[in-house]
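Every number in this text was worked out from the coordinates using simple rules, so none of it is lab data. This one's a predicted model, so the numbers in the text were calculated from it and none came from an experiment. Don't worry about glycine lacking a Cβ; one is built from the backbone with ideal geometry, like all the others, and counts go over all protein chains shown.
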């Protein structure tokens, strides 16, 4: 059966059995008789450790507000998948749901609804602690200077005024980099978020717009490391050697594997997300495409490859909220989770398919609304509408 | 009647796309045939507002269907109000106190809806009593949905409605959703929830593709082995009481249940519980027996089908039965020695396609004897089977589907359109716009041909769909199809539709339907599964 798989994992075949979830009681109770299942576990010895240390999931709570319960549920399922970083893309153009104590107007003017669609300080604390209890880091992202439309109403003068001829057009662009007031605002605001989020790293964004490199100086003074999107590197912004660069673009300016090569050749650490944009959906078992990604398939020395510290599955929120987040995330994100945890040789699609189908039924049993990967059934179908 | 017309005339017709200061967009979906909204507002009190029968109505409190509907819509309108504190005091003047339902014709309350049901209604909201007038009970159901969509909570949390005059009737009589309970079993609760959502979108046919290759969950009283051997497990079945529950739940919402027992292909699971039903494909290398479609050469096949369809006719009250007939593996038939012999014996079979026609005709005769009307997928028509004149052909193959519609209607058969509405084919972005842009009568043909288009169906095949993702995948994408099949042809601006559909989507979410977002934004009440 699956014994030959174990050889690749370096385990003696005698002690190696197919990896079914423990407690799978389906086979133990005859179908015709209702019975109380007993739980069993095979005598087993497992040694395990992750291939990559940073195995993340990005949630976007700006395009659509996600209730705190949804975030906590996601943390639970991440733990089932051994994912260990929640990349919380908390604010963006459409809304500012983060409750800022230093600039309450940000929330009051920027949230979709400042009473119902907000993450209070307590909410943030709850998320961080819930994650911590599961061994999950919370990496907060406050994306600037672009993606900041929602910051404008609460902090007049923060965003660049666009002009139509010589008159302001009424629309705004990115954060205005030339004003002292901007600098002062960022100083204060990032002091607040540095304190609110205990992880060593903050994600500063920097995508799709020329970055303001002085922001990096600010953040460094708060004893934080920072993660940035790849544009900051591509645009040759001066960054510290311990910056982490997140690769999200599949083909531009170069294919993502080449981008990893360039970043690591420059001595910087890298995170891979480009082929793992799970918000992009298509018909069929697209988890396979995510599974087949090999993050280290680029030209480079062993030292370079060691600079790829992991990756993140991203669930951008333009078309996603609590109505469809869970089935869209799971079990597709599980494919990414295995790619980041398991050995590179664990790559056979048939083997993965049969385990993933069983794992998906186990997720259902635990109350996770994970969607099917193909035709079939689980002993307990989802029935919680 | 004249009084109502007069009232409509008194209301200053207001544009539906309101000017800056004027009317809030109620987000009616699907858009009724004619809507006049007045800027004059009325308030409703959740404690005292009632829906009741008009004294002149042919139906009264004995009509359970309407009694339940009144309760249901009261719940939809006032929703979570129960959990809140006492509602704000209302001025007695300017209060809408009642909605009365007036059924004009002798309409049977216990009847099942049909293809010829009258779903038209007129709604007049003004003064203290609003009137919902309809020819048949089905129009009342449609009108109740529209009425509920007019009501909203203002900034003072008062339930508010604009005075309005609406007349409405559907463009197409057959507006369906196909669910597939073979590729994945769908719990009964999921099917009932789908029916609720369908009613909110004025869909009126549940096309239940109940069995297929992978599983046979339909528990047959005549042939119990079919589900015993053919279902995924003994709990993945629809017992007779489950089927009855679905049919009655649908009826109460004016929705027909159209069962599909697809043959001769798509029947692998049938062979598990019924020996000698399927053709054995003669393959060169025989590692195991490979089965193909139902064997058309055996008399026992038709005896079996007669008995099974007799049961199906009794269990499912709708006039129509869907017989399938798609994707038949003709090569398997060709490879079978028995069938080759059968074909040689009957000289009229020039090729295996004619055998397919022979089979279809036999099944059509069975259905006809049972006084039911058949619907089939397009293949039997494409392969030149001789169909009964009123056989409905469902067009599902996407390539040049408008030409197929032309061919089918030119031959005189009624048509259902599904080809551009395969909702299981997901992709990123706003694909609802493509569904909305379809024009079902956009094919070359005479007026008479166009009249043969009965409507269409959004199909949600189940290869990658089950109860975990069905609701967000169906809604609100199917809503786009719903409006295309109900509303006037001219209602075609996706920009204008977007503004209404976002309101409608949030309303569905508020009512407990996990309808996914159209785009970036928010609802006042986000979706939260009750834990």
For the Cα atoms of chain A, what angle does the longest principal axis make with the long axis of helix A:332-341, in degrees from 0 to 90, nearest 10? 90
Cα long-axis angle, helix B:494-510 against chain B (0 to 90 degrees, to the nearest 10): 90
Which distance in nm do the two modelled labels at residue A:132 and residue A:214 give, with both placed 7 Å along the Cα-to-Cβ direction? 3.5
Compute the whole-percent fraction of alpha carbon pairs in the range B:301-342 spaced more than 12 Å apart. 72
In peptide B:509-521, what is the residue-averaged number of other protein chain Cβ atoms found within 10 Å of each Cβ? 5
In deg cm²/dmol, rounded to the nearest 500, the helical mean residue ellipticity at 222 nm of the protein assembly as shown, built from -39500 (n - 2.57) for every DSSP H run of length 4 or more, is -9500 deg cm²/dmol
Three-way shape label, the range B:256-375, alpha-carbon gyration tensor, a/c 1.5: prolate
When the distances between all Cα atoms of chain B are binned every 20 Å from zero, what whole-number percent does each bin get? 21, 52, 23, 5, 0
Sorted by average packing, counted as other Cβ atoms within 10 angstrom per residue and highest first, what order do A:54-67, B:242-255 take? A:54-67, B:242-255
Binned at 20 Å starting from 0, the alpha-carbon pair-distance distribution of chain A in whole percents comes out as 26, 54, 18, 2, 0
So what's the convex hull volume per residue for the Cα atoms of the range A:133-269, in Å³? 140
Neighbour-count ranking [beta-carbon atoms within 10 angstrom, fewest first] of A:358, B:314, B:183: B:314, A:358, B:183
Could you identify which residue out of A:235, A:113, A:36 has the top mean-square fluctuation in a GNM of chain A using Cα springs shorter than 10 Å? A:36
With a ≥ b ≥ c the root eigenvalues of the C-alpha gyration tensor of the range B:148-244, is it rounded (a/c under 1.5), prolate (a/b larger than b/c) or oblate? prolate
Could you work out Rg/(2.2 N^0.38 Å) for the range B:329-393, with Rg from alpha carbons only? 1.19
If you take each beta carbon of peptide A:360-372 and count the beta carbons of other chains within 10 angstrom, what is the mean? 3
Let me know the whole percent of all Cα-Cα pairs from the protein assembly as shown that are separated by more than 51 Å. 27
Rg/Rh (Cα only; Kirkwood hydrodynamic radius) as it applies to the range B:345-494: 1.03
If one builds a Gaussian network model of chain A from Cα atoms under 10 Å apart, the most fluctuating residue listed among A:304, A:240, A:369 is A:240
Quick one: Kirkwood hydrodynamic radius for the range A:161-222, alpha-carbon pairs, angstrom, one decimal? 13.4
What is the Cα coordinate range of the range B:297-366 on the first, second and third principal axes, sorted by size from largest, in whole angstrom? 40, 23, 19
Cα-based radius of gyration of the range A:251-385 once divided by 2.2 N^0.38 Å, which approximates compact folds: 1.17
For helix B:137-150, what angle does its Cα long axis make with the longest principal axis of chain B, in degrees from 0 to 90 and rounded to 10? 50
Once you order the gyration tensor axes a ≥ b ≥ c over the Cα atoms, which shape class does the range B:438-531 get: rounded for a/c under 1.5, otherwise prolate or oblate by comparing a/b with b/c? oblate
Please pull out the direction-averaged projected area of the range B:177-301, using the convex hull of its alpha-carbon atoms, in nm² to one decimal place. 8.6
Protection proxy (average C-beta count within 10 Å per residue), highest first, orders B:170-178, A:281-289 as B:170-178, A:281-289
